[in-house]
Structures are given as structure tokens and as C-alpha cells.
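Some notes on the structure that comes next.
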Amino acid sequence: MGQPELDFGPDFAALQAGSGAGGDEVIRLLVLARIVEPTSKPDSLRVVEEAGFDPPAYATAQAASARVREAEVGRGVRPHR
């Protein structure tokens, strides 16, 4: 069985483009997980798997989140605390 299609539509695509995430599939999966069940980043990987997707490694999720944070700081967005 293949991966389910993951398309949040043009609004999410615009949000991603503006966030510096580009077409980052890991960020898309983390957003999906947090929409389905608001939870911690490590637990969101469980949600991704339960939704029928192959979850990324935790280190990969951390790296993707860091890329988005760096892009936001570069654009002058204050980090979320």
C-alpha cells in the first residue's frame, strides 16, 4: 500500500512558501499530525504513523523545524517561546 496523498490546498502551500519550509514533506507531516492531534513533536511522529504515513526520524523532524525557525528569524520573525 502506498502513501496517502497529502494535499492541504493552496492556502497551506502559500503558508509554507512564506515560512521558508518550501516543499518540505516533513513539515507537512508535522502540521498534519498537529491538526489531527495537538501533541508534542516526538508524539506527533506517532500520529503521523497512525494517519497512514511513514514517519520521519525524530532527528529529521528536529532538523526540519530548525530550518523553518532559521528562515523565520532571517525574515525578522521573532522566535516562538
Quick one: what pairs do we get from the range 30-59, first residue without any contact (Cβ under 8 Å) to a residue 24 or more places away in the chain and aromatic (Phe, Trp, Tyr), second surrounded by 12 or more Cβ atoms within 10 Å (Cβ to Cβ) and in a helix (DSSP H, G or I), C-beta under 7 Å, 6+ apart or different chains? Tyr58/Leu45
Check every one of the helices (runs of 4 or more DSSP H) wholly within the range 25-75 and list those with 3 or more residues that are among the β-branched types (Val, Ile, Thr). 25-36, 58-74
Is it the case that some residue within the range 44-66 is at pLDDT below 75 and among the aromatic types (Phe, Trp, Tyr)? no
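The values are calculated or read from the model by the stated rules, or taken from the named source; none is laboratory data. Just so it is clear, the model here is predicted, and its values are computed rather than measured. We place every Cβ from the backbone using ideal geometry, glycine too, and count neighbours over all the protein chains shown.
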